[in-house]
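A short worksheet on the structure shown next.
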């Protein structure tokens, strides 16, 4: 009886091995991904005010298509896809959040800036809705145009009151259709939006502080 059991067990293991080998040939192999590094850069404007308050940058909200590490593309109106074989290093809202914090830090115009949960004693919170962050083909034969649209709100932390709100939009034409040229255009468009966001935030927050503490009072 033990010999029969042993033979049955051996046959069963052999059958399982064959099944696994067959499944291995059927299952698709993971698609190799190249991770693209965003390089948004914002040059400080001498006209921006120097501020002594602190800012928290909340993670931007986005729809399901944009809340992803993939590069979104609209090849034809009403149809959204992604570039194959490449990703950002993180989900798009996290990429935008980190780039925004970096833009404020590089400006040298603010006392401190960080994530909303970063432990700062916040004076203001910058909230953003990411409406557009995709490549759009206007003509089938041409290069895509990058669209970046951000709806921003500056919130006074103590009162939870929205003290300023504005929509920022930037478009940049890619120089070619290959994904690296498209990624570079994403960087340029995001840099343009963040330049405007940083200047607007600094000016708006400073106006609120000036109204709260008028000179001579």
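Bear in mind that the values in this text are calculations on the coordinates, not laboratory data. What you are looking at is a predicted structure, and each value in this text was computed from that prediction instead of being measured. Ideal geometry is used to build each Cβ from the backbone, glycine not excepted, and the neighbour counts take in all protein chains shown.
For the reader, a short list of remarks on this structure follows.
- Residue-span extension gain [residue 153 to residue 41] - 0.36 nm each, minus C-alpha spacing: 38.1 nm
- Working from Cα pairs under 8 Å separated by at least six residues, relative contact order for region 34-212 is 25 percent.
- Nearest-0.05 FRET efficiency for residue 34 and residue 196, computed from C-beta distance (R0 41 Å): 0.85
- Spin-label pair residue 175/residue 87, simplified geometry with 7 Å Cα→Cβ offset, distance in nm: 2.8 nm
- Fully extending the segment from residue 115 to residue 213, taken as 0.36 nm per residue of separation minus the present Cα-Cα distance, adds 32.6 nm.
- Arranged from fewest to most other beta-carbon atoms within 10 Å of their beta carbon, 190, 111 become 111, 190.
- Alpha-carbon centroid distance for the pair region 166-193 / region 117-165, whole angstrom: 15 Å
- Spacing of the two label points (7 Å from each Cα toward its C-beta) at residue 161 and residue 63, in nm: 3.4 nm
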